[in-house]
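Below: one structure, written as structure tokens.
What follows draws every value from the coordinates through simple rules; no lab data is involved. Remember, predicted model here, so these are calculated numbers, not experimental data. With ideal geometry, Cβ positions are generated from the backbone for all residues, glycine too; neighbour counts draw on all protein chains shown.
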Amino acid sequence: MVMYRDTSGNRAPDAPDSYTVHCDARGVWWVRIGQRNHRVSLHCGSGGVWDIRLDGVSDRWALHGLREQLMERMGLDEAGASAAKELRAPMPGKVLEVLVKKGQEVNEGDPMLVLEAMKMENVLRAAGEGCIGSILVSPGEAVEKDAVLISLAN
């Protein structure tokens with residue numbers, strides 16, 4: 001499921017129950033919601049950001065896919081996660097398996113650790129690339145939310 005967010009992180013409003021979309025002879029798009037017509041223009045910019053103009057008012061919206069939505073649900077910030085040099089526990093749990101070794105090179109998305117939380121096994125992955133600097137947990141160890149599990153070397 002895909003979701004759009006504005007530049008402040010606010011969710012796009014849900015679509016109204018009934019509407020019609022029409023393009024007139026001049027190439028102008030109109031959306032009729034209830035008894036009102038609204039002039040709409042859309043322009044896809046770089047990085048998947050859309051410039052949307054509704055009745056002369058501009059706004060910018062960006063696509064948030066499954067990854068972004070999952071990170072949001074776990075309380076992680078995409079910008080912070082990609083710049084982070086630490087793998088932190090997104091929730092309290094028990095370390096089942098450490099999948100990396102000190103000195104190992106990892107790329108974004110590589111599995112680093114398996115954390116059991118709420119009777120589910122969660123594979124925690126690298127937010128960016130780097131070299132494993134230290135592993136601060138071992139299998140069987142209980143961890144709290146936001147505990148540093150693995151850190152990357154500078």
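Observations, loosely collected:
- Here the peptides 99-110, 19-30 are ranked by packing, the mean other Cβ count within 10 Å, and the order with the highest first is 99-110, 19-30.
- Pairs with C-alpha atoms separated by more than 21 Å, drawn from the list 85/145; 85/119; 94/145, are 85/119.
- 3J(HN,Hα) along region 123-133, derived from phi through the Karplus expression 6.51 cos²θ - 1.76 cosθ + 1.60 where θ = phi - 60°, amounts to 8, 8, 10, 5, 7, x, 9, x, 10, 5, x Hz, with x in place of Gly and Pro.
- Under a 5 Å amide H cut-off, with hydrogens placed 1.01 Å from N, residue 141 pairs with 95 among residues at least 5 apart or on other chains.
- Residue-span extension gain [residue 51 to residue 120] - 0.36 nm each, minus C-alpha spacing: 20.9 nm
- Approximate spin-label separation residue 12-residue 58, in nm, with each point projected 7 Å along Cα-to-Cβ: 1.9
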